[in-house]
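One structure below.
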Amino acid sequence: MPVIEVVTTGRRSGQPRAILISAVPHGEGWAIAGTNAGIEKDPAWVHNLRAIPAAEVRTGANSTPVRARFLEGAEHASVWDQFKAADESYRGYDAMLDRHIPIVALEPV
């Protein structure tokens, strides 16, 4: 499963916040899942992208400005299935977590 670097803007600090995260290809960009390693709260980057959806994706030497779009319904379910097919560690999160796992499409702008 590919790992990408996502740079968000801190919702309170206004400072760049970089994370390395597993992703699946989605449309022209990527999708990432807010599993937070099984913790019962959304990761900070989810809150940052809800507040400020503009971000940057870095893959190798490439940098792409993106806009975050939170997936819902059938699109969410389909992409979640892709995560579970790509890496078996995602299969346990459904039983482990009571919260909705946010999935975010990072679409090039």
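The values are calculated or read from the model by the stated rules, or taken from the named source; none is laboratory data. Model, not experiment: these values are computed from the prediction. Here Cβ is always computed from backbone atoms with ideal geometry, including for glycine, and neighbour counts include all displayed protein chains. Areas reflect the complete protein model, heavy atoms only, side chains present, ligands, DNA and RNA absent. Shrake-Rupley method; radii C 1.70, N 1.55, O 1.52, S 1.80 Å.
Brief remarks on what is shown
- Inside segment 57-74, residues that are touching a residue at least 12 places away in the same chain (Cβ under 8 Å) and closer than 17 Å to Gly27 by Cβ make up a count of 10.
- Every pair of residues 6+ apart whose Cβ atoms lie under 6 Å, when the first sits in segment 83-95 and is touching a residue at least 24 places away in the same chain (Cβ under 8 Å) and over 15 Å from Pro25 (Cβ atoms) while the second is assigned to a helix (DSSP H, G or I) and open to solvent by 40 Å² or more (accessible area, probe 1.4 Å): Tyr90/Lys84
- Any hit, segment 78-97, residues being over 20 Å from Met1 (Cβ atoms) and either in contact with a Phe, Trp or Tyr (Cβ under 6 Å, 6 or more places away or on another chain) or among the aromatic types (Phe, Trp, Tyr) (or both): no
- Scanning segment 84-95 for residues that are open to solvent by 50 Å² or more (accessible area, probe 1.4 Å) and of a type outside the set (D, E, K, R) turns up Ala85, Ala86, Ser89, Ala95.
- Counted residues, segment 66-83 - those being farther than 15 Å from Gly34 by Cα and open to solvent by 70 Å² or more (accessible area, probe 1.4 Å): 2
- Any chance Arg58 is open to solvent by 60 Å² or more (accessible area, probe 1.4 Å) and touching an Asp or Glu at 6+ places or on another chain (Cβ under 8 Å): yes
- Residues that are among the hydrophobic types (A, V, I, L, M, F, W, C) and farther than 16 Å from Gly10 by Cα, drawn from segment 31-66: Ala31, Ile32, Ala33, Ala37, Ile39, Ala61
- Candidates are the residues of segment 30-55 that are closer than 15 Å to Val3 by Cβ and out of contact with any helix residue (DSSP H, G or I) (no Cβ under 6 Å at 6 or more places or on another chain); the one that is surrounded by the most Cβ atoms within 10 Å (Cβ to Cβ) is Ile32.
- Long-range neighbours under 7 Å by Cβ, at least six apart or interchain, first residue farther than 20 Å from Pro108 by Cβ within segment 27-53, second among the aliphatic types (A, V, I, L, M): Gly34/Val46; Gly34/Ile101; Thr35/Ile101; Gly38/Met96; Gly38/Leu97; Glu40/Leu97
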